[in-house]
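The values are calculated or read from the model by the stated rules, or taken from the named source; none is laboratory data. Please read these numbers as outputs of a predicted model, since none were measured by experiment. Ideal geometry is used to build each Cβ from the backbone, glycine not excepted, and the neighbour counts take in all protein chains shown.
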Amino acid sequence: MKDFTGFLISFIEKELDEDFIRAVSEYSKEEPKIEGMRGSDIQFYAYAKSGFDLIQKEGRLDSIHFFSGDTRDGERFLSDLPEGLTWSDDQNSVKEKMGKDPFKSQSAIAGKFPWSYDIYDRGSYQLHVEYNPDLTIRLVTARRKK
């Protein structure tokens, strides 16, 4: 599969079925660890060795977390990040690559919120980019529009 990231993003808001999970597992060479949130309709499909999670809500793909390896136990997502981003990009280069300002931003607040982030509207989905203290990317989430 040439554009694995694009394949994943194309399923945002679509129902997750066995064929999709099988295709993702075959590509990543990893079976997901599946966990649900008690009392909710949210399920996590964790591909820790491959550096990403799929989050299902109400039977549909709600969001995809792409991990840098700095955010939790697990590996860095090694396929291409969405929109041509790279793990070494800083906040300014992300804004340049995105071609416009984010529609929402938050700076780190000492003692309250440790990470800065930007959210971009990408037409069919939103891209949430979270930054390390040095403003390099630590987490990228492609998610259903809220």
Inset, instruction - Look through Tyr120, Tyr125, Tyr131 and report the one residue that is touching a Pro at 6+ places or on another chain (Cβ under 6 Å), buried (at least 19 other Cβ atoms within 10 Å of the Cβ) and not hydrophobic (A, V, I, L, M, F, W, C). - result: Tyr120
Inset, instruction - With a cut-off of at least 3 residues that are touching a helix residue (DSSP H, G or I) at 6+ places or on another chain (Cβ under 9 Å), name the strands (runs of 3 or more DSSP E) lying wholly within region 88-146. - result: 116-121, 126-131, 137-143
Legend entry - Filter pass, Ser40 being part of a loop (DSSP other than H, G, I, E, B) and over 15 Å from Thr141 (Cα atoms): yes
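Considering only residues that are among the hydroxyl-bearing types (Ser, Thr, Tyr) and farther than 15 Å from His128 by Cβ, look in region 31-70 and name the one that is surrounded by the fewest Cβ atoms within 10 Å (Cβ to Cβ). Show your work before the answer.
As a first pass, look at region 31-70 and keep what is among the hydroxyl-bearing types (Ser, Thr, Tyr): 40, 45, 47, 50, 63, 68.
With farther than 15 Å from His128 by Cβ added as a condition, the list becomes 40, 45, 47, 50.
Details: Ser40: 9, Tyr45: 21, Tyr47: 23, Ser50: 23.
In this case the residue turns out to be Ser40.
Within region 84-99, can one find any residue that is of a type in the set (D, E, K, R), within 26 Å of Gly123 (Cβ to Cβ) and surrounded by 18 or more Cβ atoms within 10 Å (Cβ to Cβ)?
Pass one, region 84-99, residues of a type in the set (D, E, K, R): 89-90, 95-97.
Restricting the remaining residues to those that are within 26 Å of Gly123 (Cβ to Cβ) gives 89-90, 95-97.
Those still in the list that are surrounded by 18 or more Cβ atoms within 10 Å (Cβ to Cβ) too: 89.
Checking region 84-99: at least one residue is of a type in the set (D, E, K, R), within 26 Å of Gly123 (Cβ to Cβ) and surrounded by 18 or more Cβ atoms within 10 Å (Cβ to Cβ).
Could you check region 119-146 and list, in sequence order, the residues that are of a type in the set (Asp, Glu) and within 13 Å of the chain's Cα centre (by Cα)?
Residues of region 119-146 of a type in the set (Asp, Glu): 121, 130, 134.
Within region 119-146, Glu130 is the sole residue that qualifies.
Residues of region 80-132 being at positive phi and touching a residue at least 24 places away in the same chain (Cβ under 8 Å), which ones?
Going residue by residue through region 80-132, those that are at positive phi are 83-84, 99, 111, 123.
Of everything in region 80-132, just one residue is at positive phi and touching a residue at least 24 places away in the same chain (Cβ under 8 Å), namely Glu83.
Please work out if Arg38 is of a type in the set (D, E, K, R) and at pLDDT below 90.
Numbers: of a type in the set (D, E, K, R): yes; at pLDDT below 90: yes.
For Arg38, the condition - of a type in the set (D, E, K, R) and at pLDDT below 90 - is met.
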Inset, instruction - Out of the residues in region 1-37 that are assigned to a strand (DSSP E or B) and in contact (Cβ under 8 Å) with a residue 12 or more places away in the chain, state the one that is nearest to Ala142 (Cα to Cα). - result: Ile12
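Go through region 78-87 and give me each residue that's touching a helix residue (DSSP H, G or I) at 6+ places or on another chain (Cβ under 9 Å), assigned to a loop (DSSP other than H, G, I, E, B) and under 16 Å from Tyr131 (Cβ atoms). Steps first, answer last, please.
Pass one, region 78-87, residues touching a helix residue (DSSP H, G or I) at 6+ places or on another chain (Cβ under 9 Å): 78-86.
Next, from what is left, pick out any that are assigned to a loop (DSSP other than H, G, I, E, B): 78-81, 85-86.
The answer is Leu81, Leu85, Thr86.
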Legend entry - Filter result for the condition that a residue is aliphatic (A, V, I, L, M) and under 18 Å from Gly51 (Cα atoms), over Leu127, Leu135: Leu127
